[in-house]
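Working notes for the structure below.
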Amino acid sequence: MLTTKVSIPGIHCASCAAMIKDVSADFPQVKNVTVDIGTKNITIEHSDDFDLSAWTKEIESLGDTYKVFSIAV
């Protein structure tokens, strides 16, 4: 199991967190997603074959609020 941390400065509420979790649920390689609205950070626990680029594209397609700022693997 791997962990990736993503920063999305535009998230600000429970609805934002729910949207991120909904998109993540479409990726079977994702085992857990934690969204911290206060720090604007998302922690993704996933298997080796997780396609981070595809996930980022899907998240950013939700709108300007969801632009990924940084990624730490």
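The numbers here are math on the coordinates, done by the rules we state, and not lab data. These numbers come from a predicted model, not from an experiment. Every residue, glycine as well, gets a Cβ built from its backbone with ideal geometry; the counts of neighbours run over all protein chains shown.
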Original post:
Compactness ratio of the chain: Cα Rg over 2.2 N^0.38 Å, N = residue count?
Top reply: 0.97
Subject >> Angle in degrees between helix 14-25 and the longest Cα principal axis of the chain, rounded to the nearest 10 >> reply: 20 degrees
Original post:
What is the distance, in nm, between label points placed 7 Å from the Cα along the Cα-to-Cβ direction at L2 and at A25?
Top reply: 2.5 nm
